[in-house]
């Protein structure tokens, strides 16, 4: 990166920067642990010479922080999949439940956006379809950051919400569903696709706030892979050409994932059992009434801090699922 002319080829330079960020995501946490350990060793030497209460309290606090940091690094060791370190495409889709489901999908989107902020992930919205009464029907994002796919792949599946419906005049308890799907951003991959014969392209006007340029021209692009009925869409950019390029990358990522699933019995089994976005298929349940709790059906991870979870504090659920996966592989 220090060589003259590094930025003469911006695309290649950005790829190098991404590689650097991924390498730092591995190295920096370990360097931080070593630095913390050295600091604590220095405090121990000071205490050996002078048993000061302030230094002892600082040491105890530092040990607690070190234990927490070690836990985060241990979690990184669980992310050893071929695509775990990659950026990813992240999709939220409302399921059965009408306006409640669309509202729940938007609540989930907010939860994950808060989580992305905590992880310092970069987020780009590619497409969004609002619900007829409230919330969203779907939203597609590109998430960039160290181990974005590895972490977020733990969230693939149906999420169930139980609460008093704000859309019910009788104040009835309602159950709503929304699903999360994630594909790794595998870059310029080699998947043979005849875009003219195998993929149908539709263009349309983007939805959103009125008066914008994107609403006045058919800049949005929807691609359908006819053989697999895989559909992707992008409407974020004013340029139809750029939206088409992004949509093709999303399509390639999904087709790549499907090809990988054919060779991966566990993943193929998951997609075969995923089923509809409705009863009996949820990976996690969020109860807001009558009790307050969130429980993961795969790991039995449980918390009563529902507000914290909805504000993006979901790392404990992800860590538990990573540990479960490792246990399933080694078992």
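The values are calculated or read from the model by the stated rules, or taken from the named source; none is laboratory data. Nothing here was measured: the structure is a model prediction, and the numbers come from that model. Every residue, glycine as well, gets a Cβ built from its backbone with ideal geometry; the counts of neighbours run over all protein chains shown.
Among the residues of the range 134-145, is there at least one that is without any contact (Cβ under 8 Å) to a residue 40 or more places away in the chain and touching a strand residue (DSSP E or B) at 6+ places or on another chain (Cβ under 8 Å)?
Initial filter on the range 134-145 (without any contact (Cβ under 8 Å) to a residue 40 or more places away in the chain): 134.
After this cut, where a residue has to be touching a strand residue (DSSP E or B) at 6+ places or on another chain (Cβ under 8 Å) as well, the list is none.
No.
Taking the range 196-207 as the range and being modelled with pLDDT of 75 or more and either over 16 Å from residue 242 (Cα atoms) or surrounded by fewer than 12 Cβ atoms within 10 Å (Cβ to Cβ) (or both) as the test, the residues that pass are 196, 197, 198, 199, 200. When 150, 145 are checked against the criterion of being in contact with a helix residue (DSSP H, G or I) (Cβ under 7 Å, 6 or more places away or on another chain) and either within 24 Å of residue 256 (Cα to Cα) or surrounded by fewer than 19 Cβ atoms within 10 Å (Cβ to Cβ) (or both), a single residue qualifies: 145.
Look at residue 186 and say whether it is closer than 22 Å to residue 140 by Cα, modelled with pLDDT under 85, touching a helix residue (DSSP H, G or I) at 6+ places or on another chain (Cβ under 6 Å) and surrounded by 14 or more Cβ atoms within 10 Å (Cβ to Cβ). Criteria met by residue 186. Screening residue 174 on (1) in contact with a helix residue (DSSP H, G or I) (Cβ under 9 Å, 6 or more places away or on another chain); (2) part of a strand (DSSP E or B); (3) closer than 30 Å to residue 84 by Cα shows it passes everything except condition (3). Could you check the range 127-136 and list, in sequence order, the residues that are modelled with pLDDT under 95 and surrounded by fewer than 23 Cβ atoms within 10 Å (Cβ to Cβ)? Within the range 127-136, 128, 129, 130, 131, 132, 133, 134 meet the criteria.
Inspect all residues belonging to the range 95-107 and state whether any of them is in a loop (DSSP other than H, G, I, E, B), under 24 Å from residue 288 (Cα atoms), in the same structural domain as residue 244 (by TED's automatic domain parsing) and out of contact with any helix residue (DSSP H, G or I) (no Cβ under 9 Å at 6 or more places or on another chain). Outline the logic, then answer.
So the first thing to find is which residues in the range 95-107 are in a loop (DSSP other than H, G, I, E, B), and the list is 95-97.
This time we only want the ones that are under 24 Å from residue 288 (Cα atoms), so: 95-97.
After this cut, where a residue has to be in the same structural domain as residue 244 (by TED's automatic domain parsing) as well, the list is 95-97.
Subsequent filtering for residues that are out of contact with any helix residue (DSSP H, G or I) (no Cβ under 9 Å at 6 or more places or on another chain) retains 96.
Scanning the range 95-107, I find at least one residue that is in a loop (DSSP other than H, G, I, E, B), under 24 Å from residue 288 (Cα atoms), in the same structural domain as residue 244 (by TED's automatic domain parsing) and out of contact with any helix residue (DSSP H, G or I) (no Cβ under 9 Å at 6 or more places or on another chain), so the answer is yes.
Residue 42 fulfils the conditions (1) without any contact (Cβ under 8 Å) to a residue 12 or more places away in the chain; (2) not in a helix (DSSP H, G or I) except for a single criterion, (2).
Can you work out which of the residues in the range 280-294 that are crowded, with 16+ Cβ neighbours inside 10 Å and assigned to a strand (DSSP E or B) is modelled with the lowest pLDDT? Steps first, answer last, please.
Of all residues in the range 280-294, those crowded, with 16+ Cβ neighbours inside 10 Å come to 281-288, 294.
Next, from what is left, pick out any that are assigned to a strand (DSSP E or B): 282-287, 294.
Working: 282: 89, 283: 95, 284: 97, 285: 96, 286: 98, 287: 97, 294: 98.
Of everything passing the filter in the range 280-294, 282 is modelled with the lowest pLDDT.
Residues in the range 236-264 that are in contact with a helix residue (DSSP H, G or I) (Cβ under 6 Å, 6 or more places away or on another chain) and either in contact (Cβ under 8 Å) with a residue 24 or more places away in the chain or not in a helix (DSSP H, G or I) (or both): 237, 238.
Residues checked against (1) modelled with pLDDT of 90 or more; (2) buried (at least 16 other Cβ atoms within 10 Å of the Cβ):
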residue: 32; (1), (2): yes, no
residue: 66; (1), (2): yes, yes
residue: 73; (1), (2): no, no
residue: 83; (1), (2): no, yes
residue: 88; (1), (2): yes, yes
residue: 95; (1), (2): yes, yes
residue: 105; (1), (2): yes, yes
residue: 112; (1), (2): yes, yes
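Could you list, in sequence order, all residues of the range 16-30 that are touching a residue at least 12 places away in the same chain (Cβ under 8 Å) and either farther than 14 Å from residue 85 by Cβ or loosely packed, with under 12 Cβ neighbours inside 10 Å (or both)? Across the range 16-30, the qualifying residues are 16, 17, 20, 30. Can you pull out the residues in the range 299-315 that are free of Cβ contacts under 8 Å to residues at least 40 places away in the same chain and surrounded by fewer than 16 Cβ atoms within 10 Å (Cβ to Cβ)? Of everything in the range 299-315, those that are free of Cβ contacts under 8 Å to residues at least 40 places away in the same chain and surrounded by fewer than 16 Cβ atoms within 10 Å (Cβ to Cβ) turn out to be 300, 302, 304, 305, 307, 308.
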